[in-house]
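These notes are about the structure you will find just below.
The values are calculated or read from the model by the stated rules, or taken from the named source; none is laboratory data. Keep in mind that this is a model prediction, so the values were computed, not measured. All Cβ positions, glycine included, derive from the backbone under ideal geometry; neighbour counts span all protein chains shown.
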Amino acid sequence: MGEARTTLEDGTGGERSPDAGRGTKDGGSVRANGHSRGRRKRPWYVEVTVLVVLAVVLALVIKTFLIQAFYIPSPSMHPTLVENDRVLVNRLVYRFHPPRRGDVIVFENPHPKPGHPNPFTAFVHWLGQGLGIAQGGRDKDFIKRVIGLPGDTVEIHRGTVFVNGVPLKEPYLSPVKDLGSFGPYHVPAGSLFVMGDNRTDSDDSRGSLGYIPLDRVVGRAFVIVWPPSRWRLIRSVDYGAIPAAPSPAPTVP
């Protein structure tokens with residue numbers, strides 16, 4: 001193989017070798033003994049490592065403060081959400097206002113079990129949640145719809161939900177109608193009453209989950225991002241004007 005050689009113009013119309021002019025010139029010109037060459041390039045694996053670390057740090061910052069991806073493993077929110085959907089959750093929105101009726105929210109298990117056996121598995125699960133690939137664990141998260149706010153009274157009569165005596169119009173429900181009756185439930189201060197859209201196949205505030213403390217709420221789900229055929233916004237529902245629950249009658253001594 002021939003050696004590639006570089007030629008430089010010397011300013012007089014001729015050519016000079018790139019080695020010409022080593023040393024110093026009168027007039028204070030700089031030395032040309034190699035200082036003009038660029039810095040030594042880093043090995044490719046160093047650059048890849050730096051990029052991976054920066055990507056992970058950025059992902060963790062976004063997950064912790066802004067947006068987090070979640071995987072849907074169960075049918076409890078049919079037909080709004082189905083198994084294997086990936087949704088994005090706004091973690092910031094409830095810093096500006098509390099959850100509202102009709103919001104689809106993600107919340108931590110209100111009855112958490114003991115933590116992961118070691119810090120490494122806890123970190124892997126946490127990172128997997130941020131990427132939307134974790135499928136639950138010892139302390140899994142849930143996704144449901146907000147029905148009752150603190151102070152509300154919720155009742156279900158043959159599948160129709162009443163909040164403070166007002167029946168809700170729920171166009172998002174599964175076509176498999178639930179004809180059960182439950183309640184009344186009096187939502188305590190600092191808590192929410194939530195239900196899945198698939199009322200016949202959802203463990204929610206009617207069952208073992210009970211009331212959801214506000215400090216367990218992660219954020220509001222706002223879009224399905226995977227699979228592409230399922231891409232759509234997850235909109236909250238406006239149930240219209242619902243009066244405050246009447247205060248309990250005073251106890252006569």
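Table: residues versus (1) touching a strand residue (DSSP E or B) at 6+ places or on another chain (Cβ under 6 Å); (2) at pLDDT 90 or above; (3) of a type in the set (Gly, Ala, Ser); (4) within 17 Å of residue 212 (Cβ to Cβ).
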site	(1), (2), (3), (4)
105	yes, yes, no, yes
122	no, no, yes, no
145	yes, yes, no, yes
149	no, yes, no, yes
Cβ pairs under 7 Å, 6+ apart or interchain, first in segment 149-162 and under 17 Å from residue 97 (Cβ atoms), second assigned to a strand (DSSP E or B) and polar (S, T, N, Q), ordered by first then second residue, are 150/191
TODO: Determine, yes or no, whether residue 252 is over 19 Å from residue 71 (Cβ atoms), modelled with pLDDT under 95 and of a type outside the set (Phe, Trp, Tyr).
DONE: yes
Of (1) under 19 Å from residue 213 (Cα atoms); (2) modelled with pLDDT of 95 or more, residue 164 satisfies every one except (1)
Within segment 36-90, of all residues that are among the basic types (Lys, Arg) and loosely packed, with under 12 Cβ neighbours inside 10 Å, the one modelled with the lowest pLDDT is 37
Of the candidates 199, 158, 145, the one satisfying the condition of being over 29 Å from the mean Cα position of the chain (by Cα) and of a type in the set (Lys, Arg) is 158
Listed by first then second residue, the pairs whose first member lies in segment 93-107 and is of a type in the set (Val, Ile, Thr), whose partner is part of a loop (DSSP other than H, G, I, E, B) and surrounded by 15 or more Cβ atoms within 10 Å (Cβ to Cβ), with beta carbons under 6 Å and at least 6 positions apart or on separate chains, are 104/234; 105/99
Scanning segment 186-217 for residues that are over 18 Å from residue 76 (Cβ atoms) and of a type outside the set (A, V, I, L, M, F, W, C), the one surrounded by the most Cβ atoms within 10 Å (Cβ to Cβ) turns out to be 191
Within segment 202-250, of all residues that are more than 24 Å from the chain's Cα centre (by Cα) and among the hydroxyl-bearing types (Ser, Thr, Tyr), the one nearest to residue 95 (Cα to Cα) is 239
When segment 161-185 is checked residue by residue, the ones that are exposed (fewer than 15 other Cβ atoms within 10 Å of the Cβ) and either of a type in the set (Lys, Arg) or under 32 Å from the mean Cα position of the chain (by Cα) (or both) are 167, 169, 171, 175, 176, 177
